[in-house]
Ligand SMILES: Cc1cc2nc3c(=O)[nH]c(=O)nc-3n(C[C@H](O)[C@H](O)[C@H](O)COP(=O)(O)O)c2cc1C
């Protein structure tokens, strides 16, 4: 019998497969289907800082009747489309999902500034979430903003969110930090129980006929796994927070690699959005079959077995590997 169980943020999970923040959690029935198919936990889609601020701006509009202020400010706010749930509705939805599901439910807040919206962390906890994921999605385009200033602000935000809740906190990051291990260590110091690597930035494209910016959302490809894989391998064993891998996991091999790098869980969005909950039992059975054949008895036994601290060639994760890989390229005949 192979033991697939793992722990993440202090939660006991029956296996390492977690439904990543996405429309997968939009409907309670879908979460129930995911649970029945074997998923171990679900991260809710995010409540965005902008949605919370938007609501309070609209409220200001009605209270102050300052039409100019409100319409101008609102024009900067993104259309959150699928996610255009009012904050109160989001909380109700978390509560409904929590009541309907037997697996842990992780709420998700997506924001960057240290404002009044942070109180929603506590409200998500009160709605019944077992843990909270804070997504620090931000694109620094201001030439005056330094990396140090940005990191300090984000560490302060994490500390502020952490101090307002008692449930565990995970922080989801993009890969674009100058010195990632140092930053992650600071986040752990500020109270992040888990670090989720990595958020995907959705890149705008150009429509060259209409000279317009095209907004497309491409799902991930398996090759994208390598970026979080490398960083989890490097950081496993060096920071106290649990590491979760998201981006590019599409099959059991991806799950195994993530575990070997040192992740506690993998978070899946693209694969489940494309293939549906019935993909989960396939992944679990492939995982079990692979492990049985190689005489692994548990997931915990393999976690971190290919981390930088464990492999025979630690330099493979670093600069030295760059020259080696470039040199190994063979030109076409
Ligand atoms: C349609 C869609 C919606 C998403 N919504 C959110 C979200 O609300 N909050 C969040 O943190 N990540 C969101 N993500 C990112 C996913 O949680 C995940 O981190 C990312 O897609 C990489 O994992 P994958 O390779 O399994 O897709 C979304 C992804 C997709 C495809």
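Worth pointing out:
- Breaking point among (1) under 13 Å from residue 39 (Cβ atoms); (2) more than 13 Å from the ligand (Cβ to nearest atom); (3) part of a helix (DSSP H, G or I), for residue 277: (3)
Rundown of residues vs (1) at pLDDT below 95; (2) surrounded by 14 or more Cβ atoms within 10 Å (Cβ to Cβ); (3) in a helix (DSSP H, G or I), yes/no style:
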site	(1), (2), (3)
233	no, yes, yes
245	no, yes, no
284	no, yes, yes
330	yes, no, no
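- Residue list for region 15-39, filter: assigned to a loop (DSSP other than H, G, I, E, B) and touching a residue at least 40 places away in the same chain (Cβ under 8 Å): 15, 16, 20, 21, 22, 26, 38, 39
- Among (1) over 15 Å from residue 21 (Cα atoms); (2) surrounded by 21 or more Cβ atoms within 10 Å (Cβ to Cβ); (3) in contact (Cβ under 8 Å) with a residue 40 or more places away in the chain - the single one residue 156 does not satisfy: (2)
- Residues being surrounded by 10 or more Cβ atoms within 10 Å (Cβ to Cβ) and either out of contact with any strand residue (DSSP E or B) (no Cβ under 7 Å at 6 or more places or on another chain) or not in a strand (DSSP E or B) (or both) - total across region 205-214: 1
- All told, residue 188 falls short of being surrounded by 22 or more Cβ atoms within 10 Å (Cβ to Cβ), at negative phi and under 18 Å from the mean Cα position of the chain (by Cα).
- Matching residues, region 184-204, being in contact with a strand residue (DSSP E or B) (Cβ under 9 Å, 6 or more places away or on another chain), more than 10 Å from the ligand (Cβ to nearest atom) and under 20 Å from residue 247 (Cβ atoms): 184, 187, 192, 194, 195, 204
- Residue list for region 108-132, filter: surrounded by fewer than 20 Cβ atoms within 10 Å (Cβ to Cβ), in contact with a helix residue (DSSP H, G or I) (Cβ under 6 Å, 6 or more places away or on another chain) and more than 15 Å from residue 156 (Cβ to Cβ): 122, 128
- Test for residue 57: is it in contact with a helix residue (DSSP H, G or I) (Cβ under 6 Å, 6 or more places away or on another chain), more than 25 Å from residue 255 (Cβ to Cβ) and modelled with pLDDT of 60 or more: no
- Applying the criterion of being away from the ligand (no atom under 13 Å from the Cβ) and over 19 Å from residue 264 (Cβ atoms) to the residues of region 36-50, the residue that is surrounded by the fewest Cβ atoms within 10 Å (Cβ to Cβ) is 36.
- The set of residues from region 168-185 being closer than 29 Å to residue 12 by Cβ and out of contact with any helix residue (DSSP H, G or I) (no Cβ under 8 Å at 6 or more places or on another chain) comprises 168, 170, 172, 185.
- Single match in 133, 92 (criterion: at pLDDT 95 or above, closer than 23 Å to residue 34 by Cβ and assigned to a helix (DSSP H, G or I)): 92
- Residue in region 117-124 that is assigned to a loop (DSSP other than H, G, I, E, B), within 15 Å of the ligand (Cβ to nearest atom) and either under 18 Å from the mean Cα position of the chain (by Cα) or more than 16 Å from residue 40 (Cα to Cα) (or both) present: no
- Restricting attention to region 247-266, the residues that are in contact (Cβ under 8 Å) with a residue 40 or more places away in the chain and surrounded by fewer than 24 Cβ atoms within 10 Å (Cβ to Cβ) total 3.
- Restricting attention to region 286-309, the residues that are in a loop (DSSP other than H, G, I, E, B), without any contact (Cβ under 8 Å) to a residue 60 or more places away in the chain and either under 19 Å from the mean Cα position of the chain (by Cα) or closer than 26 Å to residue 172 by Cβ (or both) add up to 1.
The values are calculated or read from the model by the stated rules, or taken from the named source; none is laboratory data. These numbers were taken from a predicted model, which means no experiment stands behind them. Positions of Cβ are generated from backbone atoms using ideal geometry, with glycine treated the same way; all protein chains shown enter the neighbour counts.
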